[in-house]
Amino acid sequence: MTPQPLSAFLSVQNVSKYFDNFCALDDVSLDVSLGQKLVICGPSGSGKSTLIRCVKQLERHQSGKIYIDGTEVGAGDAGQAAIRENVGMVFQQFNLFPHLTIMENLTLGPVRARGMPAAAAAELAMHYLERVRIPEQSHKYPSQLSGGQQQRVAIARALCMKPKLMLFDEPTSALDPEMIAEVLDVIGELADAGMTMICVTHEMGFARQVADMMLFMDHGKIVEMAPPRRFFSQPESPRCKLFLSQILRH
Amino acid sequence: MQILQQKLCRLWRRYSPMMVGLFFLLPLGGCSQNWGWYVVNPATPAGQRNLKFLIDGLYYTIALSLTAITISIIVGLMIALPGLSSRRVPRGINRVYVEMVRAIPILVLILWVYYGLPQVAGISISVFWAGVLALAVSDSAFQAEIFRAGIQSINRGQYEAAASISLNYRDTMRFVILPQAIKRILPALGNQLVYMLKMSSLVSVIGMQELTRRANELVVTEYRPLEIYTVLVLEYLVVILIVSAGVRWLERRLNAAD
């Protein structure tokens, strides 16, 4: 067993990831402690999604180590269990199960992966549906809901697994503009309630509000990492300055 | 209830001209000198007996096809899954099975299983099970390819979503991937069932008393191939039209669900 290097809940240490010859993550290191809200931004292809996908082990990193709660992920069953126990994820494309009702989408994980009785799982699901403010849609199928509602269901589905760390991979990028707010509100409430989260997003207003740490990536590297106030007012690197000036111009 | 009624009406409207047209052929043919419908005329005792003899073969044709397709779907799925593996060995097993089985003509496989297998394996095998085995094995290669295509057509995000709620491989397949894949491949599965019903006629060569065998036997005693084989054609036609309608109904029902 590797000695525990840090007290951080999530510790990413010198992680690199290649797709064939393309370097998606280049020696990235990062710590997130419980209760922290990290927002990652950067141009497309900069590796921000890859980073959180590696944390969830949807992608395998080739070098470096990722620890969750002191357990190295990717190293056998213990790592897998640590991810299963602790990490929830919300995708850009929602990825709800189209053939199942909202209720079935939410209870599938608790019942099959956690062995929860169906009635308890349904109760849990209703609790989280109320929290994302769509309890009345539980009997419907995903295709009957709007994009914003679908994404809120996806958030509720992740919450039903009671994760300690939530990963959001551009949760509003596939949404119509008028639906972005309802999803961000839900994520903001989660943040206020103390959920640890890493959120990849281009919504800078939201980032400023929610984040206690901003992270800018480019070409697979972390270029800048700072609390939001300093990040937005006086970014250090020219690359980050340029990015912010472009994204905040409108 | 009303919906069912509407559906039946729609089906009838779609198929009735064809059916009615075909049944008009019978009396028409009876008028001409070349036709001898007496051989299957239900109004005479002999014709009735012959007709019953022919139609009773339906039981074996259907039993044979349904048993074989059930087995071939299960085997096909079990062959398809290793074909989706990222590792080379399971994929290789899948390829070898599919390529080899696909290369054997069904008729040859039927003959080999019935006459060859008992000698090789030292077992005795009934005509029915020899037929089922040959049809199922032959069809399973195609089923495997259908399942593989269906499963591959499911978006990668569905696997990731399943992983994000901690489902293991078995549950991911059972609750997330296969229900969606099966819905997509249902038309292809329907095709295979139709194909199977038709190919079951080949089992007549080893003496299975199904539709085709009975028609052959009756032709030998009655010397009326034209009429008897026409009845045979109609028998297959009716069965397969019913099956097709059933598959289409199932498709609509599943599609209505989401």
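The values are calculated or read from the model by the stated rules, or taken from the named source; none is laboratory data. Everything quoted here is computed from the prediction, not taken from an experiment. Using ideal geometry, Cβ is built from the backbone for each residue, glycine included, and neighbour counts are taken over all protein chains shown.
I'd like to check something: does the range B:159-182 contain any residue that is out of contact with any Ser or Thr (no Cβ under 8 Å at 6 or more places or on another chain) and more than 14 Å from chain A (Cβ to nearest Cβ)? Taking every residue of the range B:159-182 in turn, none turns out to be out of contact with any Ser or Thr (no Cβ under 8 Å at 6 or more places or on another chain) and more than 14 Å from chain A (Cβ to nearest Cβ). Within the range B:116-127, is even one residue closer than 30 Å to B:Pro179 by Cβ and loosely packed, with under 15 Cβ neighbours inside 10 Å? No, because not a single residue in the range B:116-127 is closer than 30 Å to B:Pro179 by Cβ and loosely packed, with under 15 Cβ neighbours inside 10 Å. Selection of the range A:102-156 for residues being at the interface with chain B (Cβ under 9 Å from one of its Cβ atoms) and hydroxyl-bearing (Ser, Thr, Tyr) yields A:Tyr141, A:Ser143. Assessment of the range A:157-165 against the conditions (out of contact with any Leu (no Cβ under 7 Å at 6 or more places or on another chain), within 13 Å of A:Leu106 (Cβ to Cβ) and surrounded by fewer than 18 Cβ atoms within 10 Å (Cβ to Cβ)) yields at least one matching residue. Taking the range A:174-189 as the range and being surrounded by fewer than 24 Cβ atoms within 10 Å (Cβ to Cβ) and either within 14 Å of another protein chain (Cβ to nearest Cβ) or within 12 Å of the chain's Cα centre (by Cα) (or both) as the test, only A:Ala174 passes. Residues that are surrounded by fewer than 16 Cβ atoms within 10 Å (Cβ to Cβ) and under 20 Å from B:Val243 (Cβ atoms) within the range B:189-223 comprise B:Asn191, B:Lys198, listed in sequence order. Regarding the range B:111-131, can at least one residue be identified that is at pLDDT 95 or above, in contact with a Ser or Thr (Cβ under 6 Å, 6 or more places away or on another chain) and either polar (S, T, N, Q) or assigned to a helix (DSSP H, G or I) (or both)? The answer is no; no qualifying residue exists. Look through the range B:141-178, keep the residues that are of a type in the set (Ser, Thr, Tyr) and under 30 Å from A:Lys164 (Cα atoms), and return whichever of them is surrounded by the most Cβ atoms within 10 Å (Cβ to Cβ). Only one residue tops the list, namely B:Ser164. Only residues that are within 10 Å of another protein chain (Cβ to nearest Cβ), hydrophobic (A, V, I, L, M, F, W, C) and in a helix (DSSP H, G or I) were counted in the range A:58-101, giving 2.
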